[in-house]
Each structure stands twice: as structure tokens, then as C-alpha cells.
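Here's the structure, in C-alpha cells; my notes come after.
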Amino acid sequence: GMIHKTSFRDAKGKYYKDDEVEQVDGAWVAKGSGLPVETKLDKMSKSKYNVVNPDDMCNEFGADAMRMYELFMGPLEDGTEWETAGVAGTRRFLDRAWRLAVDAETDAPSGKVSPDAAENADVERALHSAIKRMGEAVENLKFNTAISELMVFVNEATRVPSLPTASFEAFVR
């Protein structure tokens, strides 16, 4: 399997890095010269300047968000496209999951997770679906569907006023 990312190349065959090109009126051009460049989804390669540095991703979004995005991309044998915006998306998901239990302003417990919280049918359904999918994902090494289910759970859990501690702990596990 392989990971693909957009490459940028001018008519003479010169490749450009992401930060050396820009979109003008819907067309990609080299910054400064305005030379048109063509875009192509290529296998990641240093010679094509379309490689993503994992250290940069970890510094910007955190290692957990990058690792989760790599699993979320889907099975590598199917071939897949790298989207840095996807790492930002998994980081937002992890932040939302964290905020279920921890207040964003004070870093204190949010009070939303409580042993006395009433169960909610939608939340419980989403939790059990996520647990089932995670089991299948681990067996088949196809984590993207399981991560989608975790995201569904966080959406449901965010909607309710309070969340049973047992449900939140099961989600974290």
C-alpha cells in the first residue's frame, strides 16, 4: 500500500513545495513567477516535494492526533491520500472528547461526567456500536470505521446535559 499526496509541477518538469505555490482564480501557479503548475495525486516522494514531515505534524497537532489520522485514513493497501486538514480534524475530535470530562476554560472536571447521570438511549446505542466496531477493527486492521463510530459517540455525548461515568469510562477504554 502507499500514501499519495498532491504534487505541483511546471511545464519544464520542475517540482514545487506546497508553500511555493498558490491558487489564483482557481488555477495553481508558482508564487512570485506566476508560472502555471499542474497538480497530480502522486505517491509521496522527496523528489516530488510532496512528503509530509511527521515531526511537523506532531508539533502542530500532537502525536495522538497524527496517529489517529493515520488509522482513520483507512487500510493502506487500498492506497490513500494524505490530507493535513484530516490531522486537524482528528485533533478537534480528541479535543471534543477531552472537553466531555474537562472544562476548556478552567481545566477542572467539567461536571458533565457523573455517576448519577441518566442514561440516554442514543448515547448508549452509539457507545455499543463503537465498542462492536472497535472489536471488528482490531481483528481486521480496519480502524477507520471504528474511529467514525467513536466520533458518532462523542457527537451524541456532547448533545446530552450529563453523561454516566460508566459510559464515559467505557468510551475511553
Excluding ligands, DNA and RNA, the carbon-plus-sulfur percentage of the accessible area of segment 94-147 with a 1.4 Å probe reads 53 percent
26 Å Cα-Cα threshold exceeded, pairs from Lys43/Lys132; Lys17/Lys142; Lys12/Lys40 = Lys43/Lys132; Lys17/Lys142
Dipole of the chain, positive direction: furthest Cα of Leu100, Gly34, Ala126, with charges on the beta-carbon | Gly34
If each part is reduced to its alpha-carbon centroid, segment 1-70 and segment 126-145 end up apart, in Å, by 32 Å
How much length is gained on full extension from Thr165 to Glu83, taking 0.36 nm per residue of separation minus their Cα-Cα distance?
-> 26.1 nm
Excluding residues fewer than 8 places away in the same chain, name every one of the lysines whose C-alpha is closer than 21 Å to that of Lys112.
-> none
Taking only protein heavy atoms and a 1.4 Å probe, what accessible area per residue, in Å², does segment 10-152 have with all protein chains in place?
-> 64 Å²
Would you kindly derive the ³J(HN,Hα) couplings of segment 118-135 from the backbone phi angles with the Karplus curve 6.51 cos²θ - 1.76 cosθ + 1.60 (θ = phi - 60°), listing them in order in whole Hz, with x for Gly and Pro?
-> 6, 6, 10, 4, 5, 5, 5, 4, 5, 4, 5, 5, 5, 5, 4, 5, 5, x
Non-local residues with an amide H under 5 Å from the amide H of Val51, with H modelled 1.01 Å from N and Pro and chain starts lacking one, are Ser45
Length-normalised contact order of the chain in % [C-alpha pairs under 8 Å, at least 6 apart] = 19 percent
To the nearest Å, what is the center-to-center distance of segment 155-172 and segment 80-114, using C-alpha atoms only?
-> 13 Å
Can you give the charge dipole size of the chain about its Cα centre, rounded to the nearest 20 debye, using +1 on the beta carbon of Lys and Arg and -1 on the beta carbon of Asp and Glu?
-> 520 debye
What net charge is computed for the residues neighbouring Ile3, neighbours being all others with C-beta under 12 Å from the C-beta of Ile3, Lys and Arg scored +1, Asp and Glu -1?
-> -4
Residue span Asp19 to Arg92: 0.36 nm per residue of separation minus Cα-Cα distance leaves a gain in nm of 23.9 nm
Within-15-Å neighbourhood charge of His128 [Cβ basis; K, R +1; D, E -1] = -3
What FRET efficiency would be calculated for the residue pair Thr6, Asn59, taking the C-beta separation as r and a Förster radius of 35 Å, to the nearest 0.05?
-> 0.95
Under 1.5 on a/c is rounded, so check that first for segment 52-173, then, if it is not, pick prolate when a/b is larger than b/c and oblate when it is not; a ≥ b ≥ c are the square roots of the alpha carbon gyration tensor eigenvalues.
-> oblate
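The values are calculated or read from the model by the stated rules, or taken from the named source; none is laboratory data. Only a predicted model underlies this, so the values are computations on that prediction, with no experimental measurement involved. Don't worry about glycine lacking a Cβ; one is built from the backbone with ideal geometry, like all the others, and counts go over all protein chains shown. When the accessible area is computed, the model is the full protein with side chains, heavy atoms only, and any ligands, DNA or RNA have been set aside. Shrake-Rupley method; radii C 1.70, N 1.55, O 1.52, S 1.80 Å.
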